[in-house]
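Asks: Structure in structure tokens, see below.
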Amino acid sequence: MEEGATARSLLQKQNLDDNDQELITNSCGEDEGLLLQSDQSSSTITVVVVLSTLVATCGSYAFGYAVGYSSPAESEIEDDLGLDSAEYAVFGSVLTIGAILGAISSGKFADFVGRRGAMGASEMFCILGWLAIAFSKDAWLLDLGRFLVGCGIGVLSYVVPVYIAEITPKNVRGGFTSLSQFMLSSGQGLAFLIGSFVSWRTLALIGIIPCLVHLLGLFFIPESPRWLAKCGRVREVGAVLQFLRVKNADISQEASDIIEYTENLQLISEDGIRHLFQKKYAYSIKIGVGLMVFQQLGGLNGFGFYATTIFESAGCSIKLGTIAAAVVQISMTAVGVFLIDKCGRLPLLLISATGTCLGCLLTGFAFFLQDLHCGKDLIAMMVLIGVLVYWASFELGMGGIPWIMMSEIFPINIKGSAGSLVTLVSWIGSWFTSYTFNFLFEWSSAGVCGMGILFISKMVPETTKLALEEIQASVTVQ
């Protein structure tokens, strides 16, 4: 216990980013009046910030819609194009191959063309991909379209939360960033819901709508002030901040902080991938990689990509199951967004991991009873409850919190490299689960979820702002 506490303390000490440095400065009493004035002028939520966030989260909605597409479309695509289970597994999983390539290049690409440019290019890939899927006559064009969509969402998975974090005031940044996960879950849930009533080709064409809304909306929102500062466009930083904040607000201190922080950041040498495995970074890397492994191997894409197969195999109504799953996903994600800063990351993660374990156990046990030829209605009900328990629990914590914690646990000089590593691990796990699910249908991921509970309870620290402030206060006193 003492070793774990020491490791967690070291993790918090090495994670002093720009916001944390301001907290320490406040505790020391330096420039207190100036910082308070800056906070008052830049902490108000404006219409521009809200609209810019909504436009950006259209990318998260497109991401979720792409993930949710393959489940309601599975049976129709297999019938219309004559695909077998192995060929459809390729279609389902090739999305993650494209996403891996997109995610690897996302950081450098977003730095080169800007946040808006990266989101716009990503949506072009998604639009081309959806058109290829909608008008495909054979498997190769179908897979190509899915691959292009994957490339697009791979970049969006990185750039959307980064853009939101860079334009929102510090006091509401966590809540606004959580909206990205809410929109992702909404996209996935509505894909389930809409797919229950329309054909797979129509469902693909509908997927273009959020991409177009996002693409057009980008012309009306500002570029990230932090990216402008990084590019040396200092004059534009103030103009953009003034547009984002309250009219006639004093944004001089905030602009100065961003410019100074960016200049200091450029003086710090970014440690590459090969430096990540040093002992001093081991604890934070284990947390980041571990959370992504348990998030993906806990059955996420099995339930997400092939929910209709699960319901059909259990004799449950596909339409009832997909509609119920959509409602549960959206509602529980909203609950998670509301609770994340009130209850903390760690309690929600533990509750979430426990619930996903129970959901997997119940679903797996139902199919075990099916092999014993037990009551058909009982099995269908158990599977429906198991799937809904899994989704409710997953969306409460394991869906979004690991991604939020990635920005909180890594020291600044390895954030880029460590972020790329955990994103790569996530998408590799996503590919493995989505490709092998049809072949390992009877395998239960409850054991993986159970190990995830132990990992979270023993290894993962609390990273809410309050906990960070307490740690930093103790560091300052020392």
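The values are calculated or read from the model by the stated rules, or taken from the named source; none is laboratory data. Owing to the predicted nature of the structure, the values given are computational and were not obtained by experimental measurement. Positions of Cβ are backbone-derived with ideal geometry, glycine not excepted, and every protein chain shown enters the neighbour counts. Accessible surface is based on the protein model in full, side chains and every heavy atom, while ligands, DNA and RNA are left aside. Shrake-Rupley method; radii C 1.70, N 1.55, O 1.52, S 1.80 Å.
Asks: Taking the solvent-accessible surface of protein heavy atoms with a 1.4 Å probe, what is the per residue accessible area of the range 243-381 in Å²? Please list the in-between numbers first.
Replies: On the way: 6700 Å² over 139 residues.
Accessible surface, normalised per residue, equals 48 Å².
Asks: So, counting K/R as plus one and D/E as minus one, what does the shell of residues with Cβ under 15 Å around residue 164 add up to?
Replies: Numbers: positive: 115, 116, 170, 173, 226; negative: 166, 223.
My count for the surroundings of residue 164 gives +3.
Asks: Net charge within 12 Å of residue 73 by Cβ-Cβ distance, Lys/Arg positive one each and Asp/Glu negative one each, not counting residue 73 itself?
Replies: Details: positive: 146, 201; negative: 74, 76, 78, 79, 80.
Result for the local shell: -3.
Asks: Right, here's the next one. So how much accessible area does residue 252 have, in Å² to the nearest 10, using a 1.4 Å probe?
Replies: Using a 1.4 Å probe on the heavy atoms, I get roughly 70 Å².
Asks: Still on this structure, I have one more. Quick one: if you stick a label point 7 Å off each Cα along the C-beta vector at residue 50 and residue 334, how many nm between them?
Replies: 1.6
Asks: Net charge near residue 123: determine it from the other residues with C-beta under 15 Å of the C-beta of residue 123, scoring Lys and Arg +1 and Asp and Glu -1. The partial results should precede the final answer.
Replies: Details: positive: 115, 116; negative: none.
My count for the surroundings of residue 123 gives +2.
Asks: If I take R0 = 30 Å and measure r between the Cβ atoms of residue 369 and residue 76 in this structure, what FRET efficiency does the formula 1/(1 + (r/R0)^6) give, to the nearest 0.05? If you can, show how the numbers build up before the last one.
Replies: Working: r = 29 Å, r/R0 = 0.98.
That gives a FRET efficiency of 0.55.
Asks: Quick one: ranking 390, 283, 435 by accessible area, 1.4 Å probe, largest first, what do you get?
Replies: Details: 390 0, 283 35, 435 75 Å².
Putting 390, 283, 435 in descending order of accessible area: 435, 283, 390.
Asks: Sticking with this one: Sorted by accessible area (1.4 Å probe), largest first, how do 275, 214, 373 line up?
Replies: Numbers: 275 50, 214 0, 373 160 Å².
Order by accessible area, largest first: 373, 275, 214.
Asks: Report the one residue of 134, 183, 163 whose Cα lies farthest in the direction of the positive end of the charge dipole of the range 80-200 (charges on C-beta: Lys and Arg +1, Asp and Glu -1; origin at the Cα centre).
Replies: Farthest towards the positive end: 163.
Asks: Ignoring everything but the protein chains, give the 1.4 Å probe accessible area of residue 111 in square angstrom, nearest 10.
Replies: Using a 1.4 Å probe on the heavy atoms, I get roughly 50 Å².
Asks: Starting from the 7 Å offset along Cα-to-Cβ, what nm value, one decimal, do you get for the label separation of residue 139 and residue 279?
Replies: Those two pseudo-labels are separated by 5.2 nm.
Asks: Using a 1.4 Å probe and counting only protein heavy atoms, arrange 168, 436, 354 so the residue with the most accessible area comes first.
Replies: Values: 168 0, 436 25, 354 60 Å².
Result of the area sort, largest leading: 354, 436, 168.
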